[in-house]
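Below: the structure, in structure tokens.
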Amino acid sequence: MSDRVEYDTWVQANQRCLVREFDRLKDRLTGGEQAEAVGHNIDEIDAAGPASAAIDVLTNLFGLSRFERDVLLLCAGVEMNAEVARICGEALAPGHRPSVTFGLALAALEEPHWSALTPVAPLRRWRLVELDESMGVANARLRIDERVLHYLAGVNYLDPRLRPLLHIRQPGELLAAAHRETASTILSVIEADWSSSGLVLLTGDDLQGQGDVAASVASALGLQLYVLPAALVPTGASEIEALGVLWQREAFLLHAALIVECAEHEVPKQVGGLVDQLSGLVFVIGPELPPFARQAVSYVVNRPQAVEQRALWEQALGQDAALVNGSLEGVSWQFRLSAGTIAQTGKQLRRRLAGGERPEGLLWRACRTAGRSKLDDLAQRIEPIADWEALIVSASQQTTLRAMAAQVRHRLTVYQDWGFGSQGSRGLGITALFAGESGTGKTLASEVLANELNLDLYRIDLSAVVSKYIGETERNLRRLFDAADESGAILLVDEADALFGKRSEVKDSHDRYANIEVSYLLQRMEAYRGLAILTTNMKAALDQAFHRRLRFVVHFPFPDAAQREAIWRTMYPVSAPVEGLDYAKLAKLHMAGGSIRNIALNAAFLAAQARQPLRMGHLLQAAQSEAAKRDRPLSDAETRGWV
């Protein structure tokens, strides 16, 4: 309340100051002798007010001379004071629209100088006034910029020309300990030598955390922080210059700092052109940043590690942390969430717990949901509903699959408690290859693992990843793995041999870049902390270097008769009306599990259409249709005795 009263008091004092300034200018324009006395009165008003008048702030910020100050006031007077407008209009020509010309200002105002209207002088450099040069410089009409006019009247707001480009960045509710230390270091450097630290570069995998660090620094300095996405920086040189001037003016008027947010690894060239011309405190944030011509300090801000994430969860949940205490270690290791995401998720969890929702599994489910936002746009999420009973594989296969699940489940113990994770970040992820013919259960096994581990499963569409354009495949893979790192999801790359074939000898530039793509993939797989499952129909086509980076290899052979019979028995729910099905005869059909499922489902629709229980005849008709798709007619031995 006191701030509002103080502001109202300042507005009133500022308005009184403007009225007296306009009186002084009117006296000057009409050849009166009261200008000096009015000037002393204005000084008294300024001294009595709670803060400097807006015109004095502008004069100091932009280094205006006395003449330039009066030119700006005269332009404002034409807009705000009817008497000033009338006098200026009559001074030019009776009946003309009231305006100010440079010639009028030179003739009427004190301490005139021609340089006041040069492009490099403050009035035009900072776009305080606009100049119509169609009638020459002396007769040029001057008009005050609307943003500056309102500022003089005591109304301070972001320039409307910048509103579509910028948004305010408030300090984060939570800040990781490492990020708080980085912010403190930046503050110390700024306070020691502002000239060498006005540009701060923040890189790493935590874009949200980088914004939090910048907001913490700006808040400590009493600055309002605005964000400019790199994608919105104009490409033309003149547009970049105009944007730079407008922002620097706003930085002065609003006492603000700027973040240029580069969400992608490739920073647009125009960002450098803008950043290099700016002064004041500017942050550039992004995964990777190029060097800039302007001197800068640089820091790395990555997503919090497991120990820090646990501390953040405890802060975010408050007293409710005790209700989910057993889950904190697991989610802190499995998911790599930013402090801002943890704060937001913590709020939602507290509301749900207050509403009576049971805490069991609540935190884990919330983390899964929070990590989906980026990956949902890059890969297809599969809802894992299959369990071990639905997976018909040999005992050795099931042993290997359960070992995979155990390694994912106990990574916290081995990597953190036992210290294996301190030996390096490479190889901490779990990568498996599922090899076998189409329909043998590779995707189903992935779904079973995701269901067992209570994790999301994402299928990567290789057609959307692989690109004929040089460098584009790596960019697509980078986006996928970056998003997956945060979500903790299981990645399923179907038909991996299409991308991960044997690396060729370099015969031309295309071979060289293809090898780079594979090498980059292998590098990201080693660093990925989650579970990556790759499927292939042609295991022999994979590079041996790729095999060395696989922790598990599971072969899915074509099912034998006993397995096919077991698969058939799992096809129909208890509620499905079946009649006279002979699973031993069905097992003679030489098809894998994927084809068996298609036949079972199509036969169910045939029975439903006929309003009959599902019988062997329906299955025979569906099997013949499935065989026709594969151009392989059914043999008599396979279907003998079905009907």
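No lab work stands behind these numbers, since they all come straight from the coordinates. Keep in mind it's a predicted model, so treat the numbers as computed, not measured. All Cβ positions, glycine included, derive from the backbone under ideal geometry; neighbour counts span all protein chains shown.
Using a cutoff of 8 angstrom between alpha carbon atoms and counting only pairs six or more residues apart, the relative contact order for the chain works out to 9 percent. For the range 379-443, the share of alpha carbon pairs falling in successive 10 Å distance bins from zero is 15, 40, 30, 14, 0 percent.
By the count of other C-beta atoms within 10 Å, a proxy for reagent exposure, E447, E264 are ordered fewest to most as E264, E447.
Between amide H atoms placed 1.01 Å from N, distances below 5 Å from V553 occur with L433, all of them 5 or more places distant or on a separate chain. The range 326-356 and the range 104-183 have their alpha-carbon centroids 45 Å apart. Taking other C-beta atoms within 10 angstrom as a stand-in for reagent exposure, D636, D206 fall in the order D636, D206, fewest first. Per-residue ellipticity at 222 nm from helix content only, as computed over the chain with -39500 (n - 2.57) for each DSSP H run of at least four residues, stands at -15500 deg cm²/dmol. Please give the FRET efficiency for E288 paired with Q621, using the beta carbon to beta carbon distance and R0 = 51 Å, rounded to the nearest 0.05. The value I calculate is 0.30. Can you compute the FRET efficiency between S373 and L254 using 1/(1 + (r/R0)^6), with r the Cβ-Cβ distance and R0 = 22 Å? Round to the nearest 0.05. For R0 = 22 Å, the calculated efficiency reads 0.10.
Restricting the calculation to Cα atoms, every distinct pair contributes to the Kirkwood radius of the range 306-428, found to be 16.6 Å. The HN-Hα couplings worked out from phi for the range 115-125 by the Karplus form 6.51 cos²θ - 1.76 cosθ + 1.60 (θ = phi - 60°) are 5, 4, 10, 6, x, 8, 6, x, 4, 9, 4 Hz, whole numbers, x standing for Gly and Pro.
The orientation-averaged shadow of the Cα convex hull for the range 155-219, equal to a quarter of the hull surface, comes to 6.1 nm².
Among C75, C17, the order by Cβ neighbours within 10 angstrom, fewest to most, reads C17, C75. Bridging of K347 to aspartates and glutamates at a Cα separation below 13 Å is possible for E173, E314, D320, once same-chain residues fewer than 8 apart are set aside. I'd like the per residue volume of the convex hull spanned by the Cα atoms of the range 307-370, given in cubic angstrom. So the per-residue Cα hull volume is 70 Å³. Suppose each label sits 7 Å from its Cα in the direction of the beta carbon; what would the E579-Q12 distance come out to in nanometres? Reported label-point gap for E579 and Q12 is 9.4 nm. Considering all different alpha carbon pairs of the range 582-643, the Kirkwood hydrodynamic radius works out to 11.6 Å. Label zone of H167 (point 7 Å out along Cα→Cβ, amide N under 12 Å): in the range 221-263 this covers 227-229. Each Cα pair of the chain feeds into the Kirkwood radius, which the Stokes-Einstein equation turns, at 10 °C and 1.306 mPa s, into a diffusion coefficient of 52 µm²/s.
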